[in-house]
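Asker: I'd like to ask you about the structure that follows.
The values are calculated or read from the model by the stated rules, or taken from the named source; none is laboratory data. For clarity, every value in this text was computed on a predicted model and none was experimentally measured. All Cβ positions, even for glycine, are placed from backbone atoms using ideal geometry, and neighbour counts span all protein chains on display. Each accessible area value is taken on the protein alone, full model and side chains, heavy atoms only, with ligands, DNA and RNA left out. Shrake-Rupley method; radii C 1.70, N 1.55, O 1.52, S 1.80 Å.
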Amino acid sequence: MKIIVAGGTGFVGTYLVKELKKKHEVVTIGHSKKSDIVVDITDKEQLVQLPAASALINLTAYIPEGGLLHQETAEEAKECIKVNTLGTYHLLKIAKERRMKFIQSSSLAVFGSELKQLTNEQTSRKPISVYGLSKYMADCFCELHDATILCYSSIYGHGQRKNSVNPQFIEQARTGKVIVVFGAGQRAMDFVYV
């Protein structure tokens, strides 16, 4: 089976592609020069070059430098909407036109202020950041087209961004600094190893 992975050279994509290649033909797409097909997913005209495939997995995401703490600049907000929402929409449309199964990688940021200990498909979505809103809008498009949406907790592992919580905690502990926990310290999180 041929599978297209958008964002296949990113943090999660690298691990997924490695596993998929054990049993499938995989084509990575994205803006990275490491992609099999270098394409801007926000430009629907560029997506016509995609090959026929059985499935398209969307792992692309633009995360502002400020992370998910709604401290993004106006330019970062614009890029979030462009990549995370419009890019997903274009990928979804091409998958539908070519009868490919579409799998969307979402984010816990879509739940925002509703994020609780027990979160499931019925939990209300109330994003509190532009990133969360952009992923939520992408999920809405996916729901309109009966796509599969995967929403996992905080993913960690080798190769992740240094401004993520796990690398920060490790660096603070390694250097003898106080481990800084934001908020009241009452929130529990699940971490998923990539």
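Asker: Step by step: first the residues of region 145-159, then only those that are within 30 Å of LYS93 (Cα to Cα) and open to solvent by 60 Å² or more (accessible area, probe 1.4 Å), then the one that is modelled with the lowest pLDDT. Which residue is that? Break it down stepwise before answering.
Answerer: So the first thing to find is which residues in region 145-159 are within 30 Å of LYS93 (Cα to Cα), and the list is 145-155.
Checking the rest, the ones that are also open to solvent by 60 Å² or more (accessible area, probe 1.4 Å) come to 146, 150, 152.
Numbers: ASP146: 89, LEU150: 93, TYR152: 80.
The qualifying residue modelled with the lowest pLDDT is TYR152.
Asker: Has region 41-48 got any residue that is of a type in the set (Lys, Arg) and open to solvent by less than 90 Å² (accessible area, probe 1.4 Å)? I'd like the intermediate steps shown before the answer.
Answerer: Restricting attention to region 41-48, the residues satisfying the condition of being of a type in the set (Lys, Arg) are 44.
Then keep just the ones that are open to solvent by less than 90 Å² (accessible area, probe 1.4 Å); that gives none.
No, region 41-48 contains no residue that is of a type in the set (Lys, Arg) and open to solvent by less than 90 Å² (accessible area, probe 1.4 Å).
Residue by residue, here is whether (1) over 25 Å from ILE155 (Cβ atoms); (2) over 17 Å from the mean Cα position of the chain (by Cα); (3) among the acidic types (Asp, Glu) holds:
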| position | (1), (2), (3) |
| --- | --- |
| VAL26 | no, yes, no |
| LEU56 | no, no, no |
| PRO64 | no, no, no |
| GLN71 | no, yes, no |
| GLU79 | no, no, yes |
| LYS96 | yes, yes, no |
| ARG99 | yes, yes, no |
| ILE103 | no, no, no |
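Asker: Examine region 83-97 for a residue that is among the acidic types (Asp, Glu) and at pLDDT below 90, and state whether such a residue exists. So that I can check it myself, show each step before the final result.
Answerer: Step one: filter region 83-97 for residues among the acidic types (Asp, Glu), giving 97.
Then drop every residue that is not at pLDDT below 90, which leaves none.
No: zero hits.
Asker: Do any strands (runs of 3 or more DSSP E) lying entirely in region 1-115 carry at least 2 residues that are in contact (Cβ under 8 Å) with a residue 60 or more places away in the chain and within 19 Å of ALA147 (Cα to Cα), and which ones are they?
Answerer: Details: elements: 2-6, 25-30, 55-58, 101-105.
Where strands (runs of 3 or more DSSP E) fall fully within region 1-115 and carry at least 2 residues being in contact (Cβ under 8 Å) with a residue 60 or more places away in the chain and within 19 Å of ALA147 (Cα to Cα), they are 2-6.
Asker: While we're on this one: Would you say ALA61 is surrounded by 15 or more Cβ atoms within 10 Å (Cβ to Cβ) and aliphatic (A, V, I, L, M)? Break it down stepwise before answering.
Answerer: Values: surrounded by 15 or more Cβ atoms within 10 Å (Cβ to Cβ): yes; aliphatic (A, V, I, L, M): yes.
Judged against the criteria, ALA61 is a match.
Asker: Can you tell me which residues in region 114-127 are modelled with pLDDT of 70 or more and not acidic (Asp, Glu)? First the steps, then the outcome.
Answerer: Start the filter on region 114-127 by keeping residues that are modelled with pLDDT of 70 or more, which leaves 119, 121-127.
Answer for region 114-127, where residues must be modelled with pLDDT of 70 or more and not acidic (Asp, Glu): THR119, GLN122, THR123, SER124, ARG125, LYS126, PRO127.
Asker: Among what's in region 160-194 and is assigned to a loop (DSSP other than H, G, I, E, B) and open to solvent by less than 60 Å² (accessible area, probe 1.4 Å), pick the residue that is modelled with the highest pLDDT. Walk me through how you get there before you give the answer.
Answerer: Our first condition is that a residue be assigned to a loop (DSSP other than H, G, I, E, B); within region 160-194, this holds for 160-164, 175-190, 194.
Now drop any that are not open to solvent by less than 60 Å² (accessible area, probe 1.4 Å), which leaves 160, 164, 185, 188, 194.
Values: GLN160: 76, SER164: 70, GLY185: 63, ALA188: 65, VAL194: 81.
Filtering region 160-194 for residues that are assigned to a loop (DSSP other than H, G, I, E, B) and open to solvent by less than 60 Å² (accessible area, probe 1.4 Å), the one modelled with the highest pLDDT comes out as VAL194.
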